[in-house]
Amino acid sequence: MSRFGMAIDTVRCVGCMDCVVACKTENKVPEGFNRDWITEEAFGNFPNIQLEIRTERCNHCEEAPCVDCCPTGASHYHDTGGVVLVNHNECIGCKACVASCPYDARFIHPDGYADKCTFCIHRVEKGEDPACVSVCPTHCMTFGDLDDPNSKISKLVKSRKWHVLKPEAGTKPHIYYLT
Ligand code: SF4
Ligand code: SF4
Ligand code: SF4
C-alpha cells in the first residue's frame, strides 16, 4: 500500500505562483476557478511576527468529509495512494462535498461536476511529479509515499518541524507544511 502526500517547505516558498499557473495549464482549470492557491498568514506577536507563505490545495484527507457525505459515491479514495478523487460521471453536482470541505478546496466545474486537485494522478501514475511540484523554482514541494520510511517525504516529516491545516477538523490531512 502507498499513502501519497506532500511536504511543503514554507521557509523556501517565495509566493511566485508558478505552481498555480502550472496547475491551471496542466489541468485546463476554467477561468475564475483554481485547484491551488497561495495564502499568507502571520504568526506571533509584534515585534516577533513571522509571515508564512503557503501554497494550498486539497489535502487528500485520510478521513475526508467530502467522501463521507457524497450521496452517489462519486467522491472516493483512489486505489493509488489513497488520493481523493471525483468520478465525474457519477457526480450530480449537489455541492454537499463543497460545503463539507474545511479547506474550501472544491468547486463546481462549469460542466456540472465537483472538481479539485487530483494530486495530478494522471502524471503520478506515469512516474512523474504533480505539475505544481515539477515547476517550483525553489524546489520547496516534495511529493511521495508517506508509508515508505525511505521516501524523501517520510524523511522530511520525520526530521523537520511541521504543521497541518485545521487539525481540529479531524480530517488527517496529507499535506505537511514544514516550518
Ligand atoms: Fe511557492 Fe514554489 Fe509555488 Fe512559487 S512555485 S509559490 S515558490 S510553492
Ligand atoms: Fe475532501 Fe477537502 Fe479533504 Fe480535499 S481537503 S479530501 S476536498 S475534505
Ligand atoms: Fe494542481 Fe496537480 Fe498540483 Fe493538484 S497536484 S495543485 S492538480 S498541479
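The values are calculated or read from the model by the stated rules, or taken from the named source; none is laboratory data. All of these numbers come straight from a predicted model, not from anything done at the bench. Backbone-built Cβ (ideal geometry, glycine too); neighbour counts: all protein chains shown. Heads up: the accessible areas ignore ligands, DNA and RNA and are worked out on the full protein's heavy atoms, side chains in. Shrake-Rupley method; radii C 1.70, N 1.55, O 1.52, S 1.80 Å.
Shown is the FRET efficiency for Asn87 and Lys152, computed with R0 = 35 Å from the Cβ-Cβ distance and rounded to the nearest 0.05: 0.70.
Restricting segment 1-87 to trypsin sites (Lys or Arg not before Pro) that sit in a DSSP loop and have at most 11 other Cβ atoms within 10 Å of their own Cβ leaves Lys28. Per residue of the chain, the DSSP helices (runs of n ≥ 4 H) give a summed -39500 (n - 2.57) that works out to -4500 deg cm²/dmol at 222 nm. Rolling a 1.4 angstrom probe over the protein heavy atoms with all chains in place gives the chain an accessible area of 52 Å² per residue. Where the centre of each part is set by its Cα atoms, how far does segment 138-163 sit from segment 43-94, in angstrom? Comparing the Cα centres of segment 138-163 and segment 43-94, I get a distance of 19 Å. Using a probe of 1.4 angstrom, how much of the accessible area of the chain is carbon and sulfur, in percent? Of the solvent-accessible surface of the chain, carbon and sulfur hold 52 percent.
Restricting segment 141-179 to trypsin sites (Lys or Arg not before Pro) that sit in a DSSP loop and have at most 16 other Cβ atoms within 10 Å of their own Cβ leaves Arg160, Lys161.
Lysine pairs in the chain whose alpha-carbon atoms fall under 16 angstrom of each other, counting only those eight or more residues apart or on distinct chains, come to 4.
Which shape class, rounded, prolate or oblate, goes with segment 1-69 when its Cα gyration tensor gives a ≥ b ≥ c as root eigenvalues, a/c under 1.5 marks rounded, and past that a/b bigger than b/c marks prolate? Cα axes put segment 1-69 in the oblate bin.
Each label point was placed 7 Å from the Cα along the Cα-to-Cβ direction; for Phe43 and His139 their separation is 2.4 nm. Averaging sequence separations of C-alpha pairs under 8 Å and six or more residues apart, then dividing by the length of segment 4-178, give the relative contact order as a whole percent. RCO, segment 4-178: 31 percent. Restricting the calculation to Cα atoms, the chain shows an Rg/Rh of 0.95 when the hydrodynamic-style radius is the Kirkwood one. With a simple spin-label model that places each label point 7 Å from the Cα along the Cα-to-Cβ direction, the separation between Met1 and Cys16 comes to 3.8 nm.
Annotation: the antiparallel percentage among DSSP beta bridges lying fully within the chain is about 85.
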